[in-house]
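These notes concern the structure reproduced below.
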Amino acid sequence: MSASGLTFFLAVLYWTVTGLYGALASQAFVQEQFLAPRLLAPLAHFADWHTPIGLLLLALWIATRWRSSTRGRRAVVCGAASIWILASAFLEFRAPLTDLKTTSSALLVVGAGVLCLLVIAAAELRAMVHDRPAQASNRSGADLAACLLAAAGLVAVDLLPTAWPGALTAVAPADALTSVRLHLLLGGTAFLILAVIRAMAALSPWPAAMELVLTTVGLAAALSSYLFVVVLASISVGGRTGMAIALGLGISLACALSARSTASRASSDDGVVSAMRTLAPGITSRWWGFGLWIAALAVLGAATTAASRQADWNFVLLRTGVVSTWLLALAGATILSARFASGGALLSFAAAPLLLGLHVALQSSGVPLQASPQQGASARWLTAALDRAPQSAGVSDFVRLLLEQTNVPRDVRVDPIDVELSPLVAEPAVTRPHVFVFVIDSLRRDYVAPYNPAVTFTPAIAELAHDSLVFRNAFTQYGATGLSVPALWVGGPILHKQYVTPFAPMNSLAKLLEHERYAQWIGMDNIMQAILPASADRQPLDQGVAVKDFRACRTMDEIRARLAARAEDAAPVFVYALPQDIHISAITREGAAAVDGRDYGRFYAPVASRVARLDACLGTFLHDLKASGLYDQSIIVVTADHGDSLGEEGRMGHAYSLHPEIVRVPLIVHVPPALRAGWAWDETRATYTTDLTPTLYQLLGHQVHAPAPFFGESLARPLHAPPAGNRDRMVAASYGAVYGALLDGGTRYYVFDAINMRELAFALGSGAEPGTAIALTPDVQTRGMKVIRDTVESIGAFYRFTPEHGADD
């Protein structure tokens with residue numbers, strides 16, 4: 001690649017990433033939970049050095065063009081550079097990437113990225129090599145050959161990661177045949193698109209130029225669709241805003257790539273080949289070069305598959321790798337096809353319908369497409385796209401409701417309401433136990449001994465569970481930290497917004513702590529800073545430590561030291577900590593490896609080893625409590641804000657998947673014996689993290705009255721009161737329109753995914769396994785949708801939000 005080509009690609013990459021950064025920051029949950037806490041280190045560094053990087057790239061871009069340009073071209077370069085500088089200055093002073101606090105400022109960054117990509121395209125554009133009209137020729141046979149070659153290459157790319165050393169399983173023959181079938185279908189579709197482009201271009205006096213334009217349009221459509229369906233949908237940017245962002249970035253990027261192809265000295269009367277030339281190296285014009293190109297794409301596919309198994313957000317990384325290989329393989333095959341002879345129209349146009357007919361025949365003859373975890377990434381995605389179930393009757397209104405009530409934009413003003421679980425008018429309780437709440441971010445219930453007999457690496461938690469309440473059927477209210485933690489403090493579901501401010505009127509637990517005059521030792525991460533009112537009784541834990549570096553051992557050592565120095569007559573202590581030891585982002589940053597080198601069998605060693613380390617520190621902490629006599633004067637809670645996927649069907653992390661392994665959490669509550677004996681407990685009923693705050697109210701002598709039916713319930717009930725009935729309850733993703741309904745005491749589970757438009761059903765048992773997928777019956781579907789609809793509407797009404805205030809159509 002020439003120096004000019006290299007600086008072009010760097011410039012395009014810079015402004016594309018800039019635009020995507022703005023798209024990410026336009027969503028409050030991404031800005032608040034990922035960008036502001038700097039969990040995505042590469043993006044954080046990009047934002048820090050955005051302007052210097054841009055100016056350096058601009059200097060290189062100009063330098064590689066100046067000496068070889070004519071006076072006229074230099075004027076174009078100067079004009080483009082001026083717009084680049086003005087855009088950079090505007091962002092630096094009006095919308096710096098490190099401080100995008102509003103949706104409007106984030107969208108300005110997207111606009112700057114689109115503008116500069118179009119400017120780069122204009123600066124790169126040259127006239128077509130031939131100044132005479134080129135005559136259209138019949139390239140049907142060459143195009144079909146190119147598409148079939150690309151399909152064959154994609155099969156190789158798709159199958160290699162599953163056969164890669166260390167992969168989960170070997171390639172099954174059925175999966176290999178499915179991959180061949182799907183990619184032949186994809187190749188046939190690509191051929192028909194090329195045929196339309198050439199047919200339309202043939203009507204123009206300048207076929208080659210028109211082919212270039214129409215191929216650019218096709219590339220823009222593909223890129224825009226990918227951005228809208230994969231990237232933006234995965235961060236819940238949709239409607240008109242999402243379409244505008246996708247079209248802006250897709251069109252500008254396609255124009256830049258195609259414009260660069262006109263700068264090549266290579267002569268071609270084929271506009272399709274010219275447009276594709278930027279996407280593949282020149283060596284693909286030879287058979288050996290094309291083979292090397294496919295080998296390189298296979299390595300890329302294996303790498304993205306491996307990376308996705310460590311951490312991925314709604315499979316965005318994996319699907320980006322898939323789309324990239326699709327385009328790059330087709331580009332290489334198209335360039336190679338320039339050496340093929342013209343002709344073959346009759347055979348070519350017969351072959352494409354034949355491929356489609358073969359697929360339809362297989363579908364109808366008992367060989368339908370079936371998704372398999374062992375399929376390659378490309379085949380698995382194509383299977384899901386072709387096998388999408390039809391929508392149920394009336395589901396469009398249901399989807400509209402969910403989208404309107406989910407991710408309420410931060411620019412939309414919503415006033416807080418006063419949430420009161422109980423009137424706090426009496427004096428503080430005479431006996432106030434210390435309270436230690438450890439919410440272990442991402443801890444799965446099947447990775448702690450009380451829930452899974454196969455776990456041998458959590459002896460301290462097992463010992464704690466021995467004389468504590470172990471709630472066997474516990475769930476998070478939200479499938480990620482962003483809303484799970486605030487809901488825990490409120491004591492019930494909250495409006496799907498990050499965040500209603502001021503949050504204090506809704507914070508039931510904070511009100512209880514102030515009333516009971518607790519000394520508050522709290523890990524003040526970005527969420528706590530947003531939802532807690534100021535308090536003179538608060539002493540932050542882990543002060544000066546970045547949120548991403550919160551670790552259980554350091555935090556517990558600090559708590560132990562404070563307890564040792566505490567005066568005997570001091571106020572009781574309330575401790576809240578959210579250690580990040582096993583968060584998927586922390587594990588990925590640390591190399592996704594075990595920390596102790598032990599063999600953990602079927603458990604995911606990077607998580608299991610960190611749970612073992614955390615357990616050892618918890619054991620030391622509990623030993624200190626017992627030695628000082630505080631253990632039986634303390635309420636100790638060990639739970640999680642959510643669980644995590646650790647390889648199930650290729651899933652890693654939580655994002656907004658609501659599979660059983662994410663919504664089921666451990667919940668272990670140690671209550672001082674004297675206090676515990678005064679209440680009845682049911683450890684088998686379905687419980688939720690939002691039940692913790694009502695329980696603390698009850699244990700401190702305050703009768704709880706739920707402000708709305710969807711709020712949490714106290715886990716403690718009067719000794720002679722009848723057991724509370726199990727009610728169906730809703731759970732939700734924190735970052736997107738994915739909702740679940742737990743039915744029949746948490747034994748059946750329904751999920752409606754309004755992002756990927758699918759419905760799931762599970763049976764949940766009391767054993768170690770999170771859950772088992774089952775057929776979706778009309779009863780589960782109807783009841784599940786009703787629970788979700790009623791709860792979502794009730795939450796909106798309770799918090800006085802109507803979608804007319806800010807829904808994006």
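Computed quantities for the displayed model
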quantity	calculated
Odd one out for ALA761 among (1) assigned to a strand (DSSP E or B); (2) open to solvent by 20 Å² or more (accessible area, probe 1.4 Å); (3) closer than 24 Å to THR684 by Cβ	(2)
In the stretch 653-682, residue farthest from ALA741 (Cα to Cα) [restricted to those that are hydrophobic (A, V, I, L, M, F, W, C) and open to solvent by 20 Å² or more (accessible area, probe 1.4 Å)]	ALA674
The stretch 667-693: number of residues that are farther than 16 Å from VAL485 by Cβ and in contact with a strand residue (DSSP E or B) (Cβ under 9 Å, 6 or more places away or on another chain)	17
Unmet requirement for PHE228, which otherwise passes all of (1) open to solvent by less than 30 Å² (accessible area, probe 1.4 Å); (2) within 33 Å of the chain's Cα centre (by Cα)	(1)
Some residue of the stretch 523-538 being within 30 Å of the chain's Cα centre (by Cα), over 30 Å from ASP624 (Cα atoms), open to solvent by 10 Å² or more (accessible area, probe 1.4 Å) and among the aliphatic types (A, V, I, L, M)	yes
Any hit, the stretch 709-720, residues being among the hydroxyl-bearing types (Ser, Thr, Tyr) and surrounded by fewer than 20 Cβ atoms within 10 Å (Cβ to Cβ)	no
Residue tally, condition touching a helix residue (DSSP H, G or I) at 6+ places or on another chain (Cβ under 6 Å) and assigned to a helix (DSSP H, G or I), over the stretch 232-266	20
Unique match (being open to solvent by 50 Å² or more (accessible area, probe 1.4 Å), small (Gly, Ala, Ser), closer than 30 Å to THR18 by Cα and modelled with pLDDT under 90) among ALA170, ALA174, ALA127, ALA136	ALA127
Single match in ALA570, ALA561, ALA565 (criterion: exposed (fewer than 14 other Cβ atoms within 10 Å of the Cβ), more than 23 Å from ALA454 (Cα to Cα), hydrophobic (A, V, I, L, M, F, W, C) and touching a residue at least 40 places away in the same chain (Cβ under 8 Å))	ALA570
Qualifying position, being modelled with pLDDT under 95, small (Gly, Ala, Ser) and not in a loop (DSSP other than H, G, I, E, B), among ALA536, ALA570, ALA592, ALA586	ALA586
Residues located in the stretch 98-109, provided they are open to solvent by 10 Å² or more (accessible area, probe 1.4 Å) and of a type outside the set (Lys, Arg)	THR98, ASP99, THR102, THR103, SER104, SER105, LEU107, LEU108
Out of LEU318, LEU253, sole residue that is crowded, with 18+ Cβ neighbours inside 10 Å, within 30 Å of SER140 (Cβ to Cβ) and in contact with a Ser or Thr (Cβ under 8 Å, 6 or more places away or on another chain)	LEU253
Subset tally (residues that are in contact with a Gly (Cβ under 6 Å, 6 or more places away or on another chain) and buried (at least 24 other Cβ atoms within 10 Å of the Cβ)) for the stretch 463-497	2
Contacts under 7 angstrom Cβ, first residue in the stretch 519-530 being at pLDDT 95 or above, partner aliphatic (A, V, I, L, M) and open to solvent by 20 Å² or more (accessible area, probe 1.4 Å), 6 or more apart	ALA519/ALA570; ALA519/ALA571
Answer from ALA221, ALA208 - the residue that is among the small types (Gly, Ala, Ser), assigned to a helix (DSSP H, G or I) and open to solvent by 20 Å² or more (accessible area, probe 1.4 Å)	ALA221
Residue within the stretch 734-746 that is open to solvent by less than 10 Å² (accessible area, probe 1.4 Å) and farther than 30 Å from GLN580 by Cα present	yes
Boolean, THR334 is in a helix (DSSP H, G or I), hydroxyl-bearing (Ser, Thr, Tyr), open to solvent by 10 Å² or more (accessible area, probe 1.4 Å) and more than 13 Å from GLY650 (Cβ to Cβ)	no
Per-region count, the stretch 255-311, residues of a type in the set (A, V, I, L, M) and within 17 Å of GLY153 (Cα to Cα)	14
The stretch 644-691: number of residues that are part of a helix (DSSP H, G or I), among the small types (Gly, Ala, Ser) and within 25 Å of ALA460 (Cα to Cα)	1
Residue in the stretch 765-775 that is in a strand (DSSP E or B) and open to solvent by 70 Å² or more (accessible area, probe 1.4 Å) present	yes
Subset of the stretch 416-443 [surrounded by 23 or more Cβ atoms within 10 Å (Cβ to Cβ) and either more than 30 Å from ASP549 (Cα to Cα) or within 30 Å of the chain's Cα centre (by Cα) (or both)]	LEU421, PHE438, VAL439, ILE440, ASP441, SER442, LEU443
Any hit, the stretch 444-453, residues being assigned to a helix (DSSP H, G or I), charged (D, E, K, R) and buried (at least 17 other Cβ atoms within 10 Å of the Cβ)	yes
Hits in the stretch 480-493 - residues which are assigned to a loop (DSSP other than H, G, I, E, B) and at pLDDT 95 or above	GLY491, GLY492, PRO493
Enumeration of residues in the stretch 501-512 that are assigned to a helix (DSSP H, G or I), open to solvent by less than 10 Å² (accessible area, probe 1.4 Å) and out of contact with any Ser or Thr (no Cβ under 8 Å at 6 or more places or on another chain)	MET506
Evaluation of SER645 against (1) open to solvent by 10 Å² or more (accessible area, probe 1.4 Å); (2) modelled with pLDDT under 95 (one fails), failing number	(1)
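The rows are residues; the columns are (1) touching a residue at least 60 places away in the same chain (Cβ under 8 Å); (2) farther than 16 Å from THR476 by Cα.
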position: THR695; (1), (2): no, no
position: HIS705; (1), (2): yes, yes
position: PRO723; (1), (2): no, yes
position: TYR735; (1), (2): yes, no
position: ILE774; (1), (2): no, yes
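The values are calculated or read from the model by the stated rules, or taken from the named source; none is laboratory data. Because the structure is predicted, anything quoted here is derived from the model rather than measured. A quick note on method: Cβ atoms are made from the backbone with ideal geometry, for glycine too, and the neighbour counts reach across all protein chains shown. The accessibility values were calculated without ligands, DNA or RNA, using every heavy atom of the protein model including side chains. Shrake-Rupley method; radii C 1.70, N 1.55, O 1.52, S 1.80 Å.
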